[in-house]
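Below is one structure, written out as structure tokens, with a few remarks after it.
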């Protein structure tokens, strides 16, 4: 087992070839988060010199101490329980060395069977918010045009309406990031949320981290040369993730959003990707769809309903768990969870 810093092309190559590898574990993502003030360390496991697994840990200094986050990791063969335990133990040692107060882990997609192993090592349900529990994923295997024919009728109409209404999509460059950030801010203000990334400088740091290997793409929807919508997508392994969206408030902008996502579908298909990930889906909508239940009227009025028009299926993601190395903090958190939520 070894530890390493941020720059690790070998780690990214391993992730992109691994069924459980996701961009949140990549060195590119680590470089982007380092630009936003996060610290990064990584534990790697080798067998006869060959990289076989590991975990990337992001550490955020807070007023209460350092909080560490293993997002979509550890990345190992899920059937190799000994390797999973080895990597997790190494993460624990590194957290103690970095004086981490709390460690949050969200396993990779489809690795929920490993939750019991985390719980067996003293991890508890994480009650801190902000971690995605479900997402919507579109299988790109059929190709862009056959998928277009399967879009919701209203979604197909919006795409055609945008094209006929003079909306043009162009690929953006680094110089366009401030324009995209303003579009993002406009959307956040309408939704009464905070922008993430919080500044255009953080957005530029992400661009710089993913640009070198052509893993980031910015598209802008324009009318008469003026940007009314934008989409930032990340490509990693077999997946394209619709990471951030932004746009002004108008009917044209709504139609432009549909056109931008269809362009992302085309890009993913041309790049040979298997999946397009919308990044998140409201858990109550995901649960209703997975249970075969009709959506309520409030659910149909949500912004997530717009993305359902492109097809796709919900993916339920493993629950995030938290561990406090300090036994006193562990006891205090368990007591708080029982008082507040009725469970530990």
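Every number here is computed from the coordinates shown, using simple stated rules; none is lab data. All figures in this text were calculated on a predicted structure; none of them were measured in a lab. Ideal geometry is used to build each Cβ from the backbone, glycine not excepted, and the neighbour counts take in all protein chains shown.
Structure notes:
- Region 134-316, relative contact order in percent, only Cα pairs under 8 angstrom and at least six apart counted: 36 percent
- The angle separating the long axis of helix 327-341 from the principal Cα axis of greatest extent in the chain is about 50 degrees.
- Potential lengthening between residue 154 and residue 128 on full extension [0.36 nm per residue; Cα-Cα distance subtracted]: 5.6 nm
- DSSP bridge orientation in the chain - percent antiparallel, rounded to nearest 5: 85 percent
- The chain: proportion of alpha-carbon pairs further apart than 37 angstrom, %: 21 percent
- Size check on region 188-344: the Cα extents along the three principal axes, sorted descending, read 60, 42, 34 Å.
- Ranking of 323, 127 by count of other Cβ atoms within 10 Å, fewest first: 127, 323
- Residues 296, 26, arranged from fewest to most other Cβ atoms within 10 angstrom of their Cβ, appear as 296, 26.
- Residues 153, 244, arranged from fewest to most other Cβ atoms within 10 angstrom of their Cβ, appear as 153, 244.
- Enclosed volume per residue, in Å³, of the convex hull spanned by Cα atoms of region 1-105: 87 Å³
- Compared with the alpha-carbon gap, the fully stretched path from residue 248 to residue 198 is longer by 16.2 nm at 0.36 nm per residue.
- Between 0 and 90°, nearest 10: helix 251-270 axis offset from the chain longest Cα axis: 60 degrees
- Ordered from longest to shortest, the equivalent ellipsoid semi-axes for region 66-105 are 20, 11, 5 Å, each the square root of 5 times a Cα gyration tensor eigenvalue.
- Spherically averaged projected area of the convex hull of Cα atoms, region 129-201: 7.7 nm².
- One decimal place: the segment residue 316-residue 295 gains 5.8 nm when fully extended, by the rule 0.36 nm per residue minus the C-alpha distance.
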